[in-house]
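Novice: Supplied in structure tokens, the structure appears directly below.
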Amino acid sequence: MIFNDSRLTIGVVLPIQERQRHDIDFGLQLELAHRADELGFSAIWVRDVPLNSAAYPDPVGHSDPWVLLGALAASTRSIALATGAIVLPLRHPLHVAKAALSMDVLSSGRFVLGLGSGDRPSEFAAFDRNVDVRRELFRSNWAALVNALEGRLGQTGENRFDIRPRSGRSVPLVAVGSSSQSLEWIARNAGAWMTYHRPLAAQKDRIALWHGAVQRTTTEFRGMGQAMALDLLDTPSDRIDDINLGYRAGPEGLFAALTALRNLGVHHVAFNLLVDGRKAFSDLEIIAREVLPRLEQATELQVSR
């Protein structure tokens, strides 16, 4: 389970490779995902980047997320597979529902559907969509997607349709980024909210706003997560420095930062590892050996009190 009220879980974002103008290395990503699964990480997040552009800050040629997810489902066993995030205004909700239900069955119930509104006006233009109405389009597509996932397509008689396959459970929905919506709307409609890294003082305020929105909106649990860029120092150091959207830190500093986030009410952190793919294997090993057990131990101590 990615989002749990009593613990902080850790995931990784793919692709993990040098940020150069190269296409995704499928073989490397599958190897890294397999190793993350073996080491006990909680989730793998796959991004939806429909089009590449020289103006886009991430130069990697991303794959279609559903193609990569299918390969990940076949090459992993326990780790959750999540989208971070499908750009809902640029995709038909029935297509998204079909893919999500298929992924949930293929992964034996490990799939989490993260949805976002997109933020590149030029990309909307390429898809013949008006970026100025993305807020309304996101809401209407979300409603249609939920109906499709729950088998409510609205037709009757000979024109009645169903979308299969089905795993027998509800696919978890996560709003990624603001999605051009209020936090109250997200708390009402999504099971969790994923946001980007901010300096701790600013993030503290955002976390408090989120928990306030949840309290005003629902009595059900709502998860809170964030992405974090991580340049891991491979020495047992408590050093921690701010970098763009994350930290440069040794294991001790990283554990301290994660503990602070957990104490503020964050339930999941997804690492963007800022390394080439080969060093990522050692980074995963270090995190699994020196950070994950301590997070689990801290959770057990809290529960026992």
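Novice: Counting Lys +1, Arg +1, Asp -1, Glu -1, what net charge surrounds His62 among other residues with beta carbon under 13 Å of its beta carbon?
Specialist: Charge balance in the 13 Å sphere: -3.
Novice: Then there is this: For the chain, set up a Gaussian network in which alpha carbons nearer than 10 Å are linked by springs, and say which option among Ile240, Ile86, Ile44 fluctuates the most.
Specialist: For the chain, modelled as a Gaussian network with Cα springs under 10 Å, the answer is Ile240.
Novice: Dipole size in debye (nearest 20) for region 53-169 around its Cα centre, Lys and Arg Cβ +1, Asp and Glu Cβ -1?
Specialist: The calculation lands at about 400 debye.
Novice: Which order results if Asp128, Asp37 are arranged by neighbouring Cβ count within 10 Å, fewest first?
Specialist: Final ranking by Cβ density, sparse to dense: Asp128, Asp37.
Novice: Nothing charged except the Cβ atoms of Lys and Arg (+1) and of Asp and Glu (-1): what's the magnitude of the dipole of the chain about its Cα centre? Round to the nearest 20 debye.
Specialist: 840
Novice: Would you please state which residues of region 11-33 a label at Ile243 would reach in this model, taking the label point 7 Å out along Cα→Cβ and a backbone N cut-off of under 19 Å?
Specialist: 11-22
Novice: So for region 1-148, averaging the separation of alpha carbon pairs under 8 Å that are six or more residues apart and normalising by length, what relative contact order in percent results?
Specialist: 22
Novice: Distance from a point 7 Å along Cα→Cβ of His95 to each backbone N in region 25-54: keep the residues under 18 Å and list them by number.
Specialist: So the set is 47-52.
Novice: Here's something else I'd like to know. Out of Ala73, Ala33, Ala54, any idea which swings most in a Gaussian network model of the chain, alpha carbons joined below 10 Å?
Specialist: Largest GNM mean-square fluctuation: Ala54.
Novice: I'd like to compare 185-191, 229-235: which one has the highest average count of other Cβ atoms within 10 Å, and what's the full order after that?
Specialist: Result, highest mean first: 185-191, 229-235.
Novice: Nearest 10 degrees, 0 to 90: what angle lies between the long axis of helix 26-39 and the longest principal axis of the chain (Cα atoms)?
Specialist: For 26-39 against the chain, the angle is about 60 degrees.
Novice: Another question, if that's okay. Assuming R0 = 51 Å, what is the FRET efficiency of Glu136 and Arg278, from their Cβ-Cβ distance, to the nearest 0.05?
Specialist: Efficiency computed from Cβ-Cβ geometry: 0.70.
Novice: Quick one: of the DSSP bridges fully inside region 132-275, what percent are antiparallel, nearest 5?
Specialist: 20
Novice: Where Lys and Arg each count +1 and Asp and Glu each count -1, what net charge lies around Val171 among other residues with Cβ under 13 Å from its Cβ?
Specialist: +2
Novice: Another one. As a test, work out the antiparallel percent of DSSP beta bridges whose residues both lie in the chain, rounded to the nearest 5.
Specialist: Approximately 10 percent, going by the DSSP bridge assignments.
Novice: Can you pull out the trypsin sites (Lys or Arg not before Pro) in region 124-185 that DSSP calls coil and that have at most 12 other Cβ atoms within 10 Å?
Specialist: Answer in residue order: Arg152, Arg160, Arg169.
Novice: Now, a different point. Could you tally the net charge around Ile240, taking each other residue with its Cβ under 12 Å from the Cβ of Ile240, Lys/Arg +1 and Asp/Glu -1?
Specialist: Overall, the nearby charge balance is -3.
Novice: Something else: Just for region 195-305, what percent of DSSP beta bridges are antiparallel, to the closest 5?
Specialist: About 25 percent, rounded to the nearest 5.
Novice: Using the basic label-point model (7 angstrom from Cα toward the beta carbon), what is the Asp64 to Asp162 distance in nanometres?
Specialist: Label-label distance for Asp64 and Asp162, simple model: 2.6 nm.
Coordinate-derived values only; no laboratory data. None of the values given here were measured: they were computed from a predicted structure. Every residue, glycine among them, receives a Cβ derived from its backbone with ideal geometry; neighbour counts consider all protein chains shown.
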